[in-house]
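Everything on this sheet refers to the single structure shown next.
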Amino acid sequence: MHHFDLIAMAALNLPNPTILLQPNGEDLEWVNQNTAILVAHGIGNQLPLETLDQFGRGLIKQYRQAFDDELSITHEIVAKPDDRGGSWFDNVLRIHKAGSDKYIDLYEYYWANYSQDKATWKDLNSWLQGVVTGATKFYRRNELIGEQYKDKSPFFDSKTGMFKPFRYWLFLSVIGKLFLFIDLLWRLILWLISMIPLAGKLADILVQAYADSLLHDLCNVISEVAIYNVFDPKSKFYDTRRQIADGAVKAITYLIERPTDDAAANKQQLYYPSVIIAGHSLGSQVTYDAINKINLLINMGKISTYDTDGNCTLKHKTNIAAQIKGFVTFGCPLDKIVFFLRENVPDNEYLRQQFLDNYHEFKQRDIDISTESGRYGKNLVASCGLKRMLENVPWRNYFDGKDYVSGGLDYYKGLTNIDCHFKAGRFGFTHSYYWEYDNFYKDIINNFLQ
């Protein structure tokens, strides 16, 4: 589907199209602009450079099939300012093609170090109880927005689109006791092992040590979701959330502000006329929030290479929506976050709700529906001068039916949902399959890098 068709559909508030990812036999072309790709990892025990390695190998494989010996790569090192007035060094994969002076620079945004070992099981249980309480209190809102935007989750009938309250309440009942169940189950297993004659005590010690390591890793994975989805500034996790979010904003800002190395100001142009932002899993929420913040910074005149109307002030005359060529999400939980984890505001606090909405407008539908009469009921609506400059940025969301973290996005507009349709068997879990899937990279190249 043509990008302009998506813009028209978004203007009419129509559902996003969903297409099946198919093998594409077309010949690949090389980029005609220097292009930067920033990839943010998701939840899990991530290591530095792991994300760059996985995504980089996927791109290189496709380009080598097209250009073979014409392709080469280099390790670039970029000095960036740190928060202490010094510098840190970012690693960049540069992909070249013989006969062209244009290249692709691949960056990663690594944020796992911020959230590591910050939360305990007790913290996670408290957070989960808060999520369940909010979902219970505001279930009527969830019903309204789900039915309006044709939510495809199990809580809505696939044919009629009607809300299924029994499934909703059953899910909340089970999830609310999840950590209690895990704790009780584990205590039972340890007790049974300790009852084994003679070897029971030794086995108990060994299993306990293994379990401590396993539960520690599991706690870190789940805590990343909990920490990043904290909205109360009084929470002990709020500063960590800010660190993660601010780091993503700085990473994108560097790419869109960086000028060419020409010292003559009147000759400076954008170093990267083309920037693509990608996020996997929770990384898609992190990059989504960063794009919202970039729009705010441009409105406030805080991006050095753009004026407050989003026009480039360098010799390279362009608009910010033309420089950010695309947004790629894969294994993306944004709809689930909207449904269960968004910051809910009581109906009577309509001013607070409006102010929050103005900060989170990138391609988002009107999801804060408190009554059938509309978003803010019959209350006065505050005008806001913030310009939404990135609404025309192309967005492709890759998901799979066996990836239970992700799904097609219904609560956002002006995007294309891409069903990867992985072959994983009845009980497969495909959340990490994207990294090794050839057609995923081919589709990105065909839609954003040609």
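Just so it is clear, none of the values below were taken in a lab; they were calculated from the coordinates. As the structure is a computational prediction, the values presented were derived from the model and not from experiment. Cβ atoms come from the backbone with ideal geometry, glycine included; neighbour counts cover every protein chain shown.
Report D for the range 10-92 in µm² per second (integer): Stokes-Einstein, Kirkwood Rh on Cα pairs, 10 °C, 1.306 mPa s.
94
Place the peptides 284-292, 316-324 in order of packing, highest mean first, counting for every residue the other Cβ atoms within 10 Å and averaging per peptide.
Listed from highest to lowest mean packing, they are 284-292, 316-324.
First select every other residue whose beta carbon is under 13 angstrom from the beta carbon of Q54; then total the charges, Lys and Arg +1, Asp and Glu -1.
Summing Lys and Arg as +1 and Asp and Glu as -1 gives -2.
Do any of K293/K402; K122/K236; K102/K315; K363/K387; K336/K363 go past 20 Å between their Cα atoms, and which?
From the list (K293/K402; K122/K236; K102/K315; K363/K387; K336/K363), the Cα-Cα distance tops 20 Å for K293/K402.
In whole Å, what three semi-axes, largest first, describe the equivalent ellipsoid of the range 239-352 built from its Cα gyration tensor (square root of 5 times each eigenvalue)?
31, 17, 12
What's the whole-number percent of alpha carbon pairs in the range 291-409 lying beyond 24 angstrom?
Result for the distance tail: 42 percent.
Under the definition of Cα pairs under 8 Å and six or more residues apart, what whole-number percent is the relative contact order of the range 63-111?
30
Order these peptides, 23-30, 439-446, by their mean beta-carbon neighbour count within 10 angstrom, highest first.
Output ranking for 23-30, 439-446: 439-446, 23-30.
Over the Cα atoms of the range 46-122, Rg to Rh with Kirkwood Rh, two decimal places?
That ratio equals 1.12.
Out of residues 5 or more away from S274 or on other chains, whose amide H comes under 5 Å of its own, with H placed 1.01 Å from N in the peptide plane?
Residues meeting the criterion, in which the H sits 1.01 Å from N, are A36.
Can you run the Rg to Rh ratio on the range 79-167? Use alpha carbon positions and the Kirkwood inverse-distance Rh.
1.25
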